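Take a look at the structure set out below.
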Amino acid sequence: MNDADRLVAMLDGFHITDRALVRSRERARKDRNPGSASELARAMRRYFAAVEREAASHLAALDRKLDDLYQRQYNLQAERGVAERRLSGARKVLAELGDPMAEEAR
C-alpha cells in the first residue's frame, strides 16, 4: 500500500463534503504519483486542522455551559436545603402550638 492508498483509506472513514478535499482524494485514487499523495496530504491537513479547531472550540463552549449548569444546580440544591429546614422548623412550631394543619402536613 503506497502513501496515496493509505491516505485515501484513512479519509474514506469520514463523510467528506469539502470539494477541494474530495477532488484531491479522487486525483490520488486515479494518479499513482507521489505528487498527488502530497497534494492530498496538504488538503487533509488543511481540512482536519479546521475540524480540530472547530471541535476544540465547541468543547470549550460546552464545558463552560456545563460548569455554569453545575454551579446553578449546586446553588439550587443548597437553596432547597435551606427551604426544607425552614419548612420543618415552621411545622414543628405550629405543631407545638396545636395547629391542625401542621399535623396534616407532617
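Here the translational diffusion coefficient of segment 20-60 follows from Stokes-Einstein with Rh set to the Kirkwood radius across Cα pairs; for 25 °C and 0.890 mPa s it amounts to 225 µm²/s. The mean of 1/r over all distinct Cα pairs in segment 35-81, once inverted, gives the Kirkwood hydrodynamic radius of 13.5 Å.
Which order do the peptides 59-66, 15-22 come out in when sorted by mean C-beta neighbours inside 10 angstrom, highest first?
Values: 59-66: 10.0, 15-22: 12.1.
By packing density, highest mean first, the sequence is 15-22, 59-66.
The label point for Leu97 and the one for Glu52, both projected 7 Å from the Cα toward the Cβ, are 6.9 nm apart. With Cα atoms as the point set, the chain shows a radius of gyration and Dmax of 31.4, 95 Å. The magnitude of the dipole of segment 1-103, with charges of +1 and -1 set on the Cβ of Lys/Arg and Asp/Glu and taken from the Cα centre, is near 580 debye. Coupling constants for segment 26-35 follow from the phi torsions by the Karplus curve (6.51 cos²θ - 1.76 cosθ + 1.60, θ = phi - 60°), and in residue order they are 5, 4, 5, 5, 7, 7, 9, 9, x, x Hz; glycine and proline get x. Other residues whose C-beta falls under 13 angstrom from the C-beta of Asn2 contribute a net charge of 0, scoring Lys and Arg +1 and Asp and Glu -1.
Sequentially through segment 77-94, phi angles give Karplus couplings (6.51, -1.76, 1.60; θ = phi - 60°) of 5, 5, 5, 5, x, 5, 5, 5, 5, 5, 4, 4, x, 5, 5, 5, 4, 5 Hz, Gly and Pro residues having no value and appearing as x.
Think of the chain as a dipole: +1 on every Lys or Arg Cβ, -1 on every Asp or Glu Cβ, centred on the Cα centre; then among Phe48, Ala37, Val82, Ala37 lies furthest on the positive end.
With both labels modelled 7 Å from their Cα along Cα-to-Cβ, the Leu62 to Arg45 distance reads 2.9 nm.
Label-to-label distance for Tyr74 and Arg32 is 6.2 nm, based on points extended 7 Å past Cα in the beta-carbon direction.
Computed from phi, the 3J(HN,Hα) profile of segment 14-23 under the Karplus parametrisation 6.51, -1.76, 1.60 (θ = phi - 60°) reads 10, 8, 9, 10, 5, 4, 5, 5, 4, 4 Hz, with x in place of Gly and Pro.
Only the coordinates and a few stated rules stand behind these numbers; no lab work does. Fair warning: this is a prediction, and the values are worked out from it, not measured in the lab. Reconstructed Cβ throughout: ideal geometry from the backbone, glycine too, with neighbour counts over all protein chains shown.
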